[in-house]
Amino acid sequence: MFDQSQIQEFKEAFTIMDQNRDGFIDKEDLRDTFAALGRINVKNEELEAMVKEAPGPINFTVFLTMFGEKLKGTDPEETILHAFKVFDTEGKGFVKADLIKEKLMTQADRFSEEEVKQMFAAFPPDVCGNLDYRNLCYVITHGEEKD
């Protein structure tokens, strides 16, 4: 399912999230991970929902399996690119961030204001308000930024 370098990256992520180093990720590990990322007031229900996604205690094998299942449902990069290209009438690889925000919050599986903020925090628009959707698509499908 994953190559060795991907497995190593997931192992590093697991180790970072396993804050108490007991070999399992639980609600407190998630709370501590969120705090380390600057999100202090995570609701208990939100953490419980995350933990309940697993079939049992989240050790590295379960963690890897869960990521495999999540990534398996990701559309191919080309499909995601085509969706953005609809808004890129000049074919430059950029779309107006305000347009994307509006579409994400009003169409299909609607994003909340917080989800849009999180996306733009991870992929900030340039000084002209444009979003580099090619890089965003690459990260969605490959998990790391292009150099």
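For L37 and K117 in one chain, what is 0.36 nm times their gap in residues minus the Cα-Cα distance, to one decimal in nm?
Using 0.36 nm per residue and subtracting the Cα-Cα distance, I get 27.4 nm.
Could you give the distance between the Cα centres of the range 16-34 and the range 74-147, to the whole Å?
30 Å
Under 5 Å between amide H atoms, partner at least 5 residues away or on a different chain: which partners does V42 have, H built in plane at 1.01 Å?
none
Once the dipole of the chain is set up with Lys and Arg at +1 and Asp and Glu at -1 on Cβ about the Cα centre, which of F60, Q8, L37 lies farthest towards its positive end?
Projecting each Cα onto the dipole axis, the largest value belongs to L37.
If each DSSP helix of 4+ residues adds -39,500 (n - 2.57) and the sum is divided by the residues in the chain, what number results at 222 nm, nearest 500 deg cm²/dmol?
Calculated at 222 nm, the ellipticity per residue is -17500 deg cm²/dmol.
Please compute one quarter of the surface area of the Cα convex hull for the chain and express it in square nanometres.
10.3 nm²
Quick one: net charge around K92, please, counting Lys, Arg +1 and Asp, Glu -1 for every other residue with C-beta under 12 Å from its C-beta.
-1
Once the Cβ-Cβ distance between R110 and R21 is put in as r, and R0 is 41 Å, what FRET efficiency do you end up with, to the nearest 0.05?
0.60
Could you give the nm distance between label points at E48 and K85, where each point is 7 Å from its Cα heading toward the beta carbon?
Placing both labels 7 Å beyond Cα along the Cβ direction yields 4.6 nm.
Below 8 Å between Cα atoms, with a sequence gap of 6+, how large is the relative contact order for the range 77-142 in percent?
43 percent
On a straight-distance basis, which aspartates and glutamates could pair with K101 in a cross-link, Cα separation under 15 angstrom, same-chain partners fewer than 8 positions away excluded?
D88, D109, E113, E114, E115, D126, D132
Charges at C-beta only: +1 for Lys and Arg, -1 for Asp and Glu. How large is the resulting dipole of the range 4-72 about its Cα centre, in Debye rounded to 20?
160 debye
Taking the Cα centre as origin and putting +1 on Lys and Arg beta-carbons and -1 on Asp and Glu beta-carbons, what dipole magnitude results for the chain, to the nearest 20 debye?
Dipole about the Cα centre, nearest 20: 240 debye.
Read-outs throughout are calculated quantities, based only on the coordinates presented, and are distinct from any laboratory measurement. Please read all numbers here as calculations on a predicted model, not as lab measurements. Every residue, glycine as well, gets a Cβ built from its backbone with ideal geometry; the counts of neighbours run over all protein chains shown.
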